[in-house]
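The values are calculated or read from the model by the stated rules, or taken from the named source; none is laboratory data. All values reported here derive from a predicted model rather than from experimental measurement. FYI the Cβ positions are ideal-geometry reconstructions off the backbone, even for glycines, and counts take in every protein chain you see.
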There are 2 protein chains.
Amino acid sequence: MGVYEKMSLIVMKFGGTSVKDAERVRNVAGIVTDSYKKDNSVVVVVSAQGDTTDDLIEKAAEITAHPTNREMDMLLASGEQISASLLAMCIQDMGYPAISLTGWQAGFLTSSAHSSARIRNVYPDRIRREIDQKKIVVVCGFQGVSRYDDITTLGRGGSDTSAVAIAAAMHADLCQIYTDVEGVFTADPRKVPNAKKLDEISYDEMLELATLGAQVLNNRSVEMAKKYNIELEVLSSYTKVPGTIVKEKVKMEKMLISGVAKDTDVARLSITCIPDRPGMVFKRFSKLAARNINVDVILQSVGRDGTKDIAFTVAQNKGAEAKEICEKFADTVGAESVDYDDDIAKVSIVGAGMESHAGVAAKMFEALYDKQINIRMISTSEIKVSVIINKDDADRAVSAIHEKFFPTDN
Amino acid sequence: MGVYEKMSLIVMKFGGTSVKDAERVRNVAGIVTDSYKKDNSVVVVVSAQGDTTDDLIEKAAEITAHPTNREMDMLLASGEQISASLLAMCIQDMGYPAISLTGWQAGFLTSSAHSSARIRNVYPDRIRREIDQKKIVVVCGFQGVSRYDDITTLGRGGSDTSAVAIAAAMHADLCQIYTDVEGVFTADPRKVPNAKKLDEISYDEMLELATLGAQVLNNRSVEMAKKYNIELEVLSSYTKVPGTIVKEKVKMEKMLISGVAKDTDVARLSITCIPDRPGMVFKRFSKLAARNINVDVILQSVGRDGTKDIAFTVAQNKGAEAKEICEKFADTVGAESVDYDDDIAKVSIVGAGMESHAGVAAKMFEALYDKQINIRMISTSEIKVSVIINKDDADRAVSAIHEKFFPTDN
């Protein structure tokens, strides 16, 4: 990474597994100080240690089945306070100046939506002051403070967003997201052995992959990086190899697609025989939107006697609620029946290259046809093609599609 | 407690064992809501759960043998954040409005002496706002924030001080300190079976008892209660019986003394044959004071050839340091030898009654003589008499003295 050798400000984010015990904390301190020794200013964002968050959730569960979000945030925010102070101690123990800061100390002002707060602004004055004193600043990710001075959390995975927000507020030169994988792969390397690591990927492709369940980066963090044009690097805290750079424009590559992703957190609802009157579809989706349920793949078809059938997918944890809404809707408008199925998966290919290349979707369908995998729904955008298939077929489908686009070399 | 039935503002403090698990948290929530139901405004101060603080200290020890105090405070302060949010959840679960506040949210401004910060001021605006909204306010004890916005801790036992400080700042009507004993006893009830619980005790007596190792209340908290004239009640979170009230003036009772206390955290140093020149004693004690070593019982006697012998006691953890200073001093001035002994104990009787009653000390000495316990040093003040004896004799001495002043009824 020759470009970054004279870099001045790097934000590094380490997830829960990267700081799960004393040994891993020492490892992170090593990575951080290596960068600091190269004359970089370093801000480190950490998540809670390994199972801390789950342990705290269990503590709450022993007290009440319905904790309020405000108190849960208070409880969970202690997790990063622990990991951040331990990492700062460790860096100090190695002979380098360090200081840990909570979300409020680091200037994270958020909305008051406890448990899923949005960052409103980052006021990095304190961080800057510590950086000016040549300190390595360790910031609690995932948390902030509302304008009522209440501690908030950004929801799971929010530490990525914390890191990008600091990078944006401080005009950092790079934001490194350390995980337990070496970068962004063309498919899940645990499932597809010949998956290839990408050197670069565009924000848009990364967004599609994150949405599609690749689970490398939190979606909001990528959106924010795109908005403020922050260069991200996804890399491993276990191996010292360059990761994947996420940025606006990537080198044109021979690869048509950048990855194949699988998402099993999906449920399919279908309503049959809806009377074909204007506003029917709008009405139903507005009801779902009002309950904060995002509808993904949508299929509308003509049913018997001039009625319509509509099928769509939602996240699985919203499935029951969506079903209930749809059943009420079906009753009201006199539709026939509502079907629910969560034994399905969404498999997608993503790639900026497909915009200018015909036949990408066809190639994907061919791969599925070769394996006799039935496609139940299809959805496409400029840079992705998704299919809904049976859950049992998902891993086979990913392998087959990956092999079609990235043939094994031997 | 008829007097308190129409009370408006009560501060309650619960220690670590009182909130150590879900069951104990529920018990505390019961005590708190019982008081709230009687139309009291309630502010609750909590320590970290049971072993949390020790667990966190161990986590730090796995990282470094020499953590900085600033980062230790950051780490340890998470402990009360956990217990406070859990208690608030529990109270809410029982159907009452509650909110937890960290030290900084509760307005605790402290000095910057990390790990042993002093409370500079409490700005209870937020607490008052929540109280006005009829909420039960649960405050993290033991912690605050310095003027640099850094999280500080008051040192172990500091939660008592937190509670009294809030009571003072808010002009509370009563500050209840819940512990695992039912109040202040005439002797340690685990050692002296017929020890009696006191209904009342004065601040000064309580201070002497705290200093003397009775370990019921943190000393600074009693000093602060005295200064701001806050009525304290020491009582048990396990049983629903009235505790001991600590206040300025107590009812005149028949009892001459309020308690017998034992302190084994004491070491004795003696220097023999110090040349008898002016300033010798001053010089040595000023050296100890400079190192922050408090000297307690002092005995000076004439030795051989017009020299002096001096013996004094210090806290045991300062013993080695004090010995070193004394040996240097002995070398410099040409004294003969320095003896060190930490196999001793200090046993004391405390009582405002003894000011006006002669013969209290004599009665104590008689009790010791009866048991053939050798007295090595004696020190007295208006309201206490302390003797230094061999550690092995300590428990027998406490029993004998207690029996002399509080004879068993049968």
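Taken over the stretch B:369-397, residues that are assigned to a helix (DSSP H, G or I) and over 20 Å from B:Arg268 (Cα atoms) amount to 3. Taken over the stretch A:39-65, the criterion of being touching an Asp or Glu at 6+ places or on another chain (Cβ under 7 Å) and within 19 Å of A:Ile99 (Cα to Cα) is satisfied by A:Val46, A:Ser47, A:Ala48. Restricting attention to the stretch A:11-30, the residues that are assigned to a helix (DSSP H, G or I), under 24 Å from the mean Cα position of the chain (by Cα) and surrounded by fewer than 21 Cβ atoms within 10 Å (Cβ to Cβ) add up to 2. Here is the figure for the stretch B:24-41: residues that are among the charged types (D, E, K, R), more than 14 Å from chain A (Cβ to nearest Cβ) and either under 13 Å from B:Ile131 (Cβ atoms) or in contact (Cβ under 8 Å) with a residue 12 or more places away in the chain (or both) total 2.
Residues checked against (1) closer than 28 Å to A:Gln92 by Cα; (2) touching a helix residue (DSSP H, G or I) at 6+ places or on another chain (Cβ under 8 Å); (3) modelled with pLDDT of 95 or more; (4) of a type in the set (Gly, Ala, Ser):
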| position | (1), (2), (3), (4) |
| --- | --- |
| B:Ile63 | yes, yes, yes, no |
| B:Ile82 | yes, yes, yes, no |
| B:Ala88 | no, yes, yes, yes |
| B:Asp93 | no, yes, yes, no |
| B:Ser100 | no, yes, yes, yes |
| B:Ile127 | no, yes, yes, no |
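Among the residues making up the stretch A:143-159, those that are at pLDDT below 95 and not basic (Lys, Arg) are A:Leu154, A:Gly155, A:Gly157, A:Gly158, A:Ser159. With respect to the stated conditions, A:Glu336 fails to be at pLDDT 85 or above, more than 30 Å from A:Val250 (Cβ to Cβ) and among the acidic types (Asp, Glu). Flag: B:Gly107 matches the condition of being within 12 Å of another protein chain (Cβ to nearest Cβ), in contact with a Leu (Cβ under 9 Å, 6 or more places away or on another chain) and surrounded by fewer than 24 Cβ atoms within 10 Å (Cβ to Cβ). Number of residues in the stretch B:208-254 that are crowded, with 19+ Cβ neighbours inside 10 Å, over 16 Å from B:Val350 (Cα atoms) and of a type in the set (Gly, Ala, Ser) equals 4. Quickly run through the stretch B:57-76 and pick out the residues that are touching a residue at least 12 places away in the same chain (Cβ under 8 Å), more than 7 Å from chain A (Cβ to nearest Cβ) and of a type in the set (A, V, I, L, M, F, W, C). Listed by number, the residues that qualify are B:Ile57, B:Met72, B:Leu76. Does A:Ile373 satisfy being in contact with a helix residue (DSSP H, G or I) (Cβ under 9 Å, 6 or more places away or on another chain), over 30 Å from A:Tyr203 (Cβ atoms), of a type in the set (A, V, I, L, M, F, W, C) and modelled with pLDDT of 90 or more? Here the answer is yes, as A:Ile373 does meet what is asked. Please go through the stretch A:268-287 and give me each residue that is surrounded by 21 or more Cβ atoms within 10 Å (Cβ to Cβ) and of a type in the set (A, V, I, L, M), ordered by number. Selection gives A:Leu269, A:Ile271, A:Ile274.
Assessment of the stretch A:272-279 against the conditions (touching a strand residue (DSSP E or B) at 6+ places or on another chain (Cβ under 8 Å), at pLDDT 80 or above, closer than 30 Å to A:Ser221 by Cα and of a type in the set (A, V, I, L, M, F, W, C)) yields no matching residue.
Could you list, in sequence order, the residues of the stretch B:33-48 that are within 19 Å of the chain's Cα centre (by Cα) and over 20 Å from B:Glu71 (Cβ atoms)?
B:Val45, B:Val46, B:Ser47, listed by residue number.
Listed here are the residues, each with its yes/no results for (1) closer than 15 Å to A:Asp160 by Cα; (2) at the interface with chain B (Cβ under 7 Å from one of its Cβ atoms).
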position: A:Glu80; (1), (2): yes, no
position: A:Leu87; (1), (2): no, no
position: A:Cys90; (1), (2): no, yes
position: A:Ser111; (1), (2): no, no
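Got at least one residue in the stretch A:113-120 being surrounded by 24 or more Cβ atoms within 10 Å (Cβ to Cβ), in contact with a strand residue (DSSP E or B) (Cβ under 7 Å, 6 or more places away or on another chain) and not in a loop (DSSP other than H, G, I, E, B)? No, the stretch A:113-120 contains no residue that is surrounded by 24 or more Cβ atoms within 10 Å (Cβ to Cβ), in contact with a strand residue (DSSP E or B) (Cβ under 7 Å, 6 or more places away or on another chain) and not in a loop (DSSP other than H, G, I, E, B). Counting only strands (runs of 3 or more DSSP E) wholly contained in the stretch A:197-315, the ones carrying 2 or more residues that are more than 14 Å from A:Ile177 (Cβ to Cβ) and touching a residue at least 12 places away in the same chain (Cβ under 8 Å) occupy A:200-202, A:259-263, A:266-274, A:295-302, A:308-315.
A:Ala163 meets the conditions (1) within 20 Å of the chain's Cα centre (by Cα); (2) among the aliphatic types (A, V, I, L, M); (3) within 14 Å of chain B (Cβ to nearest Cβ) in every case but one. The failed one is (3).
The set of residues in the stretch A:310-323 that are surrounded by fewer than 19 Cβ atoms within 10 Å (Cβ to Cβ) and within 15 Å of A:Ser270 (Cβ to Cβ) contains only A:Lys323.
Within the stretch A:323-352, being assigned to a helix (DSSP H, G or I) and either touching a residue at least 24 places away in the same chain (Cβ under 8 Å) or not polar (S, T, N, Q) (or both) holds for A:Lys323, A:Glu324, A:Ile325, A:Cys326, A:Glu327, A:Lys328, A:Phe329, A:Ala330, A:Asp331, A:Val333, A:Ala352. Scanning the stretch A:31-55 for residues that are surrounded by 20 or more Cβ atoms within 10 Å (Cβ to Cβ) and assigned to a loop (DSSP other than H, G, I, E, B) returns A:Asn40, A:Ser47, A:Ala48, A:Gln49.
Looking across the stretch B:1-10, the residues that are modelled with pLDDT under 95 and either among the acidic types (Asp, Glu) or not in a helix (DSSP H, G or I) (or both) come down to B:Met1, B:Glu5, B:Lys6, B:Met7, B:Ser8.
Of the set (1) away from chain A (no Cβ under 14 Å); (2) in contact with a strand residue (DSSP E or B) (Cβ under 6 Å, 6 or more places away or on another chain), all apply to B:Asp132 but (2). For the stretch A:146-171, filtered to residues that are surrounded by fewer than 24 Cβ atoms within 10 Å (Cβ to Cβ) and not charged (D, E, K, R), the residue that is farthest from A:Met72 (Cα to Cα) is A:His171. Taking the conditions (1) without any contact (Cβ under 8 Å) to a residue 60 or more places away in the chain; (2) aliphatic (A, V, I, L, M); (3) within 14 Å of another protein chain (Cβ to nearest Cβ) in turn, B:Val138 satisfies each one other than (1). Checking each residue in the stretch A:113-129 for being over 27 Å from A:Asp39 (Cα atoms) and more than 12 Å from chain B (Cβ to nearest Cβ) picks out A:Ala113, A:Ser115, A:Ser116, A:Ala117, A:Arg118, A:Ile119, A:Arg120, A:Asn121.
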